[in-house]
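> Before I ask anything, let me first share the structure, which is written out below as structure tokens.
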């Protein structure tokens, strides 16, 4: 049966920990993996523009000995109405895997259902698991004892996400649940995460002991945080709502005062791109607690682990 990477909740806690350990190993010794995917090609479908997703997957495939093929939705027949099912079946005859960065999550599900090769969720409006896998790798590196790497250090830590209950909030809930990490979403009412996602994430959390919460309290919500995380208030496709969102999120900026309510050694994370002066102050984004560029780098290593896991031939 073909395996896919569409949602963090598809991974067991043991599998998720193994992926992090593989990512850490690839990062530490990249030369050992130079030809793991030799002769293989990844088709990359982009309905949404990207910096980190495109570059990290393209570079990752090259560093693993394979090739990545950029497929804008306007450059292939999806842009002219060809069905997702037909596209999946055709690409399955040409390439060895598909990474897709799309609007509707159903596009990924259809690619996986109708194709015969692995499908990786590069982002959808519902979920962004590649980002949160990289986030987990970054935090595990940060919190592991010096000279070691242990995904188990995530368990019991508190991550607070301040901002829109979007695909990032959803994936952080699932990721926290899988690793046993407590996650609090701090957002204005009306911008809370999808109830279906909350329910399914809590079922996973029940098995790992994680606590998942949602609140509009910017003071109590961040108290005791080991990590404060944010994202832009208006995502791609929501530009017309930007002015309203700017007003609705007043008071939810991650600034020095908010960071001071977290634990003294708390770190700041952002999936990028960042709008300094909106969801985060420049003082925090570029300050000593920020690990945003370690996080961005780890997109490459985490995704290489996913590619190796899904596409390596026996």
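The values are calculated or read from the model by the stated rules, or taken from the named source; none is laboratory data. As the structure is a computational prediction, the values presented were derived from the model and not from experiment. Cβ atoms come from the backbone with ideal geometry, glycine included; neighbour counts cover every protein chain shown.
> Can you pull out every residue in the stretch 70-105 that is in a strand (DSSP E or B) and either surrounded by fewer than 16 Cβ atoms within 10 Å (Cβ to Cβ) or at pLDDT below 95 (or both)?
Across the stretch 70-105, the qualifying residues are 70, 72.
> Considering the stretch 229-245 alone, what residues qualify as being surrounded by 17 or more Cβ atoms within 10 Å (Cβ to Cβ) and either in contact with a strand residue (DSSP E or B) (Cβ under 9 Å, 6 or more places away or on another chain) or closer than 29 Å to residue 139 by Cα (or both)?
229, 230, 231, 232, 233, 234, 235, listed by residue number.
> What about residue 13, is it outside the structural domain of residue 176 (by TED's automatic domain parsing) and either more than 21 Å from the chain's Cα centre (by Cα) or buried (at least 21 other Cβ atoms within 10 Å of the Cβ) (or both)?
no
> If a residue has to be crowded, with 16+ Cβ neighbours inside 10 Å and either free of Cβ contacts under 8 Å to residues at least 40 places away in the same chain or over 28 Å from residue 274 (Cβ atoms) (or both) to count, how many in the stretch 26-40 make the cut?
Adding up the residues that qualify gives 4.
> Condition check: surrounded by fewer than 21 Cβ atoms within 10 Å (Cβ to Cβ) and either modelled with pLDDT of 95 or more or touching a strand residue (DSSP E or B) at 6+ places or on another chain (Cβ under 6 Å) (or both). Does residue 144 satisfy that?
Yes; evaluated as a whole, the condition is true for this residue.
> From 190, 224, 122, which residue is in the same structural domain as residue 47 (by TED's automatic domain parsing) and either touching a residue at least 24 places away in the same chain (Cβ under 8 Å) or closer than 19 Å to residue 296 by Cα (or both)?
Result: 122 is the single residue among 190, 224, 122 that is in the same structural domain as residue 47 (by TED's automatic domain parsing) and either touching a residue at least 24 places away in the same chain (Cβ under 8 Å) or closer than 19 Å to residue 296 by Cα (or both).
> OK, next. Would you confirm whether or not the stretch 200-213 contains a residue that is in a strand (DSSP E or B) and in contact (Cβ under 8 Å) with a residue 12 or more places away in the chain?
Yes, because at least one residue in the stretch 200-213 is in a strand (DSSP E or B) and in contact (Cβ under 8 Å) with a residue 12 or more places away in the chain.
> Among the candidates 226, 265, 248, which residue alone is crowded, with 16+ Cβ neighbours inside 10 Å and out of contact with any strand residue (DSSP E or B) (no Cβ under 7 Å at 6 or more places or on another chain)?
Every option except 248 fails the conditions.
> Does residue 122 meet the test of being over 18 Å from residue 16 (Cβ atoms) and touching a strand residue (DSSP E or B) at 6+ places or on another chain (Cβ under 7 Å)?
Against the criterion (over 18 Å from residue 16 (Cβ atoms) and touching a strand residue (DSSP E or B) at 6+ places or on another chain (Cβ under 7 Å)), residue 122 qualifies.
> If you don't mind, there's one more thing I want to ask. Applying the selection to the stretch 266-296, what residues are farther than 27 Å from residue 245 by Cα and either in contact (Cβ under 8 Å) with a residue 60 or more places away in the chain or not assigned by TED's automatic domain parsing to the domain that holds residue 143 (or both)?
Matches in the stretch 266-296: 294 only.
> Could you check how many residues of the stretch 25-49 are in a loop (DSSP other than H, G, I, E, B) and under 17 Å from residue 97 (Cβ atoms)?
The number of residues fulfilling the criteria is 6.
> Looking at the stretch 268-280, which of its residues are assigned to a loop (DSSP other than H, G, I, E, B) and touching a strand residue (DSSP E or B) at 6+ places or on another chain (Cβ under 7 Å)? Don't jump to the end; show me each part of the working.
Let us first name the residues in the stretch 268-280 that are assigned to a loop (DSSP other than H, G, I, E, B), namely 271-275, 277-279.
274, 279, listed by residue number.
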